[in-house]
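Report on one structure; see the data block that follows.
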Amino acid sequence: MLGKSAGGLYWMFRYLERSENLARLLEAGFRIALTRSTAATSEWQSVIATAGVTSGFESRHGEYNAANVVDYMLRDRENTSSVRYVTEQARTNARLVRTALTREVWEATNECWMVLNQALQRPIRERDLPEVLALIKQQSTLVRGTLYGTMLRNDIYNFARLGTFIERADNTARILDVKYYVLLPSLSHIGSSLDNVQWETILRSLSANRSYRWLNGEDINPSGIADFLILDRSMPRSLAHCVQEILSNLNNLSAQYGERKPCHDCVDKIFETLDQRTIDSILASGLHEFLKNFIYGMGELSSQIEQDYRFYS
Amino acid sequence: MGDGKNDYDEMFGGDGTVRDAYREYHNWIDAEDPAQLLKKSAEAETFFRRTGITFNVYGDSQNTERLIPFDVVPRILSSREWSRLARGIEQRVRAINAFLHDIYHRQEIIRAGRVPERLISENSAFEPKMIGVSPPGGVYTHIVGIDLVRTGDNEFFVLEDNARTPSGVSYMLENRETMLQMFPELFSKIPVQSVSDYPKALRRALARSAPSVCSGRPVIAVLTPGIHNSAYFEHSFLADQMGAELVEGHDLRVIDGRVAMRTTKGYEPIDVIYRRVDDEFLDPLNFNPDSILGVPGIMDVYRAGGITLANAPGTGIADDKAIYSYMPEIVHFYTGETPILKNVETWRCSEPDSLAYVLDNLEHLVVKEVHGSGGYGMLIGPTASKREIARFRKLLKAKPGNYIAQPTLALSTVPILTKAGLAPRHVDLRPFVLVSPDSIDITPGGLTRVALKKGSLVVNSSQGGGTKDTWVLDD
């Protein structure tokens, strides 16, 4: 398999995952704006901060409101984190690696790009937003479905999955990091209604509110949420789950190629920071510090994989 | 020309009777609801878009991808018509390969005085680095497209040979796929010869031409200029269908006398490259030094027998428009046979008598630039304005050697589906030929291009042309 193709697959699936995550993030922000108008501005600020585009946004827009944030995050071509841009990138990468994809995966990706391009042609009216966000998630899901249902379980699949889970882990960690302070027991106004909203937003932006309730009933509390999103391996967007998946895909690669690479040590190190840990020990040693290290580690892992499997040189 | 009255229509005879090859198809379409057919035709477009069968338009700031319009009415040839064409094509392609070998070795044809020496030595398509080089298996042109036009019942002419990197075969294959999806019942009624083996045959032709250093199953790659090339879809399509790697110049490197590709496990040698990069850009060390599309040193590996390039560098000397007029001579010289396929009468403007004739008859002739392609740099006398004719008169006088002229042919028509029903439009045909050391393989049919504008003779996709599925009946 060409190094370039491995890189193309990896990025194709990072971008697809990103598009879906952006939709979720906006969905949660939009809900807060609708139900708690006093918290709206700061909520939109968090959305933009989580996407890591604060300075870009502020150079384009003066005010943090729904219309500006939604337009910037969905449609703005200048914003390299907008859904429109990342969808285009996903499809460009898919064209690049066309020979590594089944017809189903390629067509679903091409369709995703066509449908979203069409849907994001004009500014999104508020009443159309829920439908557009659902469409974005759905299109990304369709591609994943064709990958799951039609691709061989070999190195091609492993590189695609690595892209998905590294992007997802990064996204979950960023959402937590932007809001880490509301999860700190000592600083939070325990039980205040604002905290309740913030907790719920975190869960919603990871499509986790329902599953959290399945496991914990109505007992929503910060350390429970942190535990769920960081350490619970059954939660498909938790850090532990993503790292588990990254580890197993990298192990598959080393088994197929008969060779361990530096990236394997890299992921082992990250795995150790989560394995056998309790949420209390993480909170005690500093949640922000922990998340910062995790995000940094993911970045390092990503460039190590790129180097080890010769994406670019 | 172009008035539609006297042109040969392939479906209908002059008195409106349906020609034999189209009889069953005509019965079918006659019974179909025209509104339904138009709906199907719109569906075809959706199908092409979903599949991503698009081409990029150069110079378009948005980098728009466009579709080549597809017409749902097939162009049909009887097996008898086809087998005669196929024999003629095979003969011509044999001659082209023999000519290339000769031109880069002893140049017997020049010694024999059949082709003037300056036509070769002063031709930019002649590649001095190929002198004395014998490609693996003796094949120069693994992939050839022969452009044919028709003017009557048994009147076919070769308009152009494409011996460099002919494109369009993916459209031939996808057009058939689309027809099979849209009208499965047609194919159960009418026996049509299959085209779907082309990718397999291409792989076989390339594999059999592997260099002698190759041990085991040959590693084959398609070399593309990249995702922004207008034919990128075709490059990825063919690589995909053959199970070959799709590589760009920056994926390759010369290592230990072999061309190797960068894989996730390190560099691995390649045996055969189906390159869709022009000669000039193939190797910055040997050709254009500014090229970033090629592989430094690949030409040296090639000359040492370490890799097969398909097609070989320097094949352009065989399809140059100035050489074209000598093709009947060339066919006769190398095969000892009378050419089965006719050439279009051609005036070489480099010759004073011809030039005088061409200047006197510009309004009746088609004037072509010797090195032009894609329908650009061309004068179609009968439809040109006085100003255009005057402009070409000047060009011809200034550089006569750059031009050839041909009569305007009354190209045959095949009906297309329009909102007003069937309407005749001019067509051409590009059959695709695969050459391996031991055989020549011609896919039945080829790509039919159709000028969608009424009366137009320009079938190029870059100028408003479309395509049709081409059927050779299994009768």
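The values are calculated or read from the model by the stated rules, or taken from the named source; none is laboratory data. All figures in this text were calculated on a predicted structure; none of them were measured in a lab. Counting neighbours? That spans all protein chains shown, and the Cβs are built from the backbone with ideal geometry, glycine included. Heads up: the accessible areas ignore ligands, DNA and RNA and are worked out on the full protein's heavy atoms, side chains in. Shrake-Rupley method; radii C 1.70, N 1.55, O 1.52, S 1.80 Å.
Overview of values
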item: Residues that are more than 19 Å from B:His371 (Cα to Cα) and assigned to a helix (DSSP H, G or I), drawn from the range B:382-400; result: B:Pro382, B:Thr383, B:Lys386, B:Arg387, B:Glu388, B:Ile389, B:Ala390
item: Hits in the range B:409-424 - residues which are small (Gly, Ala, Ser) and in contact (Cβ under 8 Å) with a residue 24 or more places away in the chain; result: B:Ala410, B:Ser412, B:Gly421, B:Ala423
item: B:Ala260 vs. criteria open to solvent by less than 60 Å² (accessible area, probe 1.4 Å), more than 27 Å from the chain's Cα centre (by Cα) and not β-branched (Val, Ile, Thr); result: yes
item: Residue in the range A:177-184 that is assigned to a loop (DSSP other than H, G, I, E, B), aliphatic (A, V, I, L, M), open to solvent by 10 Å² or more (accessible area, probe 1.4 Å) and away from chain B (no Cβ under 13 Å) present; result: yes
item: Residue in the range A:246-254 that is in contact (Cβ under 8 Å) with a residue 12 or more places away in the chain, part of a helix (DSSP H, G or I) and within 16 Å of the chain's Cα centre (by Cα) present; result: yes
item: Unique residue being open to solvent by less than 50 Å² (accessible area, probe 1.4 Å), within 14 Å of chain B (Cβ to nearest Cβ) and not small (Gly, Ala, Ser) when the list is A:Phe290, A:Phe228, A:Phe271, A:Phe311; result: A:Phe311
item: Any hit, the range B:190-203, residues being in contact with a helix residue (DSSP H, G or I) (Cβ under 9 Å, 6 or more places away or on another chain), within 14 Å of chain A (Cβ to nearest Cβ) and open to solvent by less than 50 Å² (accessible area, probe 1.4 Å); result: yes
item: Filtered residues of the range A:132-168 (kept if hydrophobic (A, V, I, L, M, F, W, C) and either away from every other protein chain (no Cβ under 14 Å) or surrounded by fewer than 24 Cβ atoms within 10 Å (Cβ to Cβ) (or both)); result: A:Val132, A:Leu133, A:Ala134, A:Leu135, A:Ile136, A:Leu142, A:Leu147, A:Met151, A:Leu152, A:Ile156, A:Phe165, A:Ile166
item: Residues of the range A:96-108 that turn out to be in a helix (DSSP H, G or I), over 15 Å from B:Val222 (Cα atoms) and within 9 Å of chain B (Cβ to nearest Cβ), as a count; result: 3
item: Residue list for the range A:7-42, filter: polar (S, T, N, Q) and at pLDDT 85 or above; result: A:Ser19, A:Asn21, A:Thr41, A:Ser42
item: Candidates B:Asp441, B:Asp428 - the one that is surrounded by fewer than 18 Cβ atoms within 10 Å (Cβ to Cβ), part of a strand (DSSP E or B) and modelled with pLDDT of 90 or more; result: B:Asp441
item: Scope the range B:240-263; condition more than 7 Å from chain A (Cβ to nearest Cβ) and within 17 Å of B:Gly226 (Cα to Cα); matching residues; result: B:Ala244, B:Glu248, B:Gly249, B:His250, B:Leu252, B:Arg253
item: The one condition in (1) surrounded by fewer than 23 Cβ atoms within 10 Å (Cβ to Cβ); (2) under 21 Å from the mean Cα position of the chain (by Cα) that B:Gly297 fails to fulfil; result: (2)
